[in-house]
Structure formats: structure tokens, C-alpha cells
Amino acid sequence: MKTRTADRLSQTMTSALIVLTLLVGTSVPAFAQTRRRPALRRRTPVRGVVKPVEPAVVYYQVSAGQLIRVRLNQNITSETARIGDQFTTTVQVPVYASGIEVIPAGSEIMGRVTSVQRASRKSKAGTMGVHFVSLRLPTGIARAINGDLTDVTSKNVSADNEGEVSGRSAMKRNVVFIGGGAATGALIGAIAGGGKGAGIGAGVGAGLGVAGAYFSKGHEAVVNSGTEFGVVLNQTVSLPAANVR
């Protein structure tokens, strides 16, 4: 009797253990299934930045032969100048191309000393040859140029209604600063032959309206800050309108 009771109790416990095992085995996956997965973040689509299309820059041709009126920014003299010395000038009159202002007043033109001849006490006056190599506009735009010194006397030069300066003086290429004495300051005159150390042409005095005696007193060429003269372009330069950066 006791044995049957024990067997029944054992069977009952075994059945309960099996049922418990099944319940545990099925509850774990069910619990796992009830856990919510984290929501995926939606990525905001990247939109391309549309930049406004800038209009193409239009360039205008400043032709060879154009004369530019400038003012010297520092003193230079044949007494102390050396070949290769640099100096700057400031544009005084705007330059136009096709009716558009391309070189405004205030632009800077840089020059270099190309030849120096000291004055001789016996006969020769001092001379200085210069050349102009670069242009910088107030907007910061810079260009290499090829320019020579020339005269801008009112008798030889005229300006039209667009500010373009022209005249016979623009044709003078082989010119230098010449010592002319304390009363006259540095003058501009042609060099015979155009070479280094060449003599002053015989017609220089007459062309400038100055007696040739001024060139035989041994004065150095002294060009003071503020002196105005001309720069004539030897090559065409392409530039945008003055207000374009």
C-alpha cells in the first residue's frame, strides 16, 4: 500500500516537474518577444546647397599706346638711385575702355630705375631712365604691364569725354628724367639712340620749351614726390570694370 502511494507521489512530482520545465521553456521566448526593439532614427535627407551662379566677368582691352597720367609717391634722384630701384606712382585720371572705367584714379603703378647717369661738373646733367612694370587697382586686382615714361604737358595731351588721354607725347618712348637745375627740377627728354649713357638729343631743349643751357650745368635729375608725368603702355592689358573684384 505504501509502495503504491509512493509511486503515485513520485509520478505526480515527475509530471509537475515536466510541466514546470515546459512552462519555463516557453515563457523565456515569449518574454523575449515582448521586449520592444529600439526605434530606428530617421535620417534627414541631405539637400544640396544651390549656390547662385555668378555672371562671367567681362574684360576690356586697354590698348598699347594708352597714356596714363600719374603722380610720383616718393623722391628719386640720379645722385643716389641705383639700377633696379623700385618706386610707386598713383593714377590721377581714370582710364576708360569701350566707355567703361577700368583704371580708376587712385590705382598704383610701380616703376623701376633702368639707367642712371651722374651729373658731370663740366658739361652733362644727370639722367635717370625708368620703366613701369605693374598695375594694382583699388579693388586689389594686379596686372603686369610694360610701360615707358612720357610727358603729359597740356600742349601735347588732350582728354576726351570718356577720360581717355591721348596726344603726340604718347609716341615718345626713349625718354628719361634730366637734371634741369633747382629752378626747373627734373625735366623729361629723349635720349639719342636710347642706350645706357647715351647723350641727350639735340632737340630736347626746344621740344620742351627749355633752353639747352639747362642741360650743361651739371645738375642731378631730382624728381620730387608729387611730380606728375605720363606712363605710356607698350602692350595691351585686359582688365575688368573698375567695380569688379
Most packed first (mean Cβ within 10 Å per residue), the peptides 97-103, 146-152 order as 146-152, 97-103
At 0.36 nm per residue, and after removing the present C-alpha to C-alpha distance, how many nm does the segment from ARG82 to ARG43 gain when stretched out fully?
7.1 nm
What distance in nm separates the two pseudo spin-label positions at ASN146 and GLN61, each 7 Å out from Cα along the beta-carbon direction?
1.6
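Here, each number is a calculation from the coordinates, and none is a lab measurement. Since the structure is predicted, the reported quantities are computational estimates derived from the model, not experimental observations. Glycine also receives a Cβ, built like all others from the backbone with ideal geometry; neighbour counts cover every protein chain displayed.
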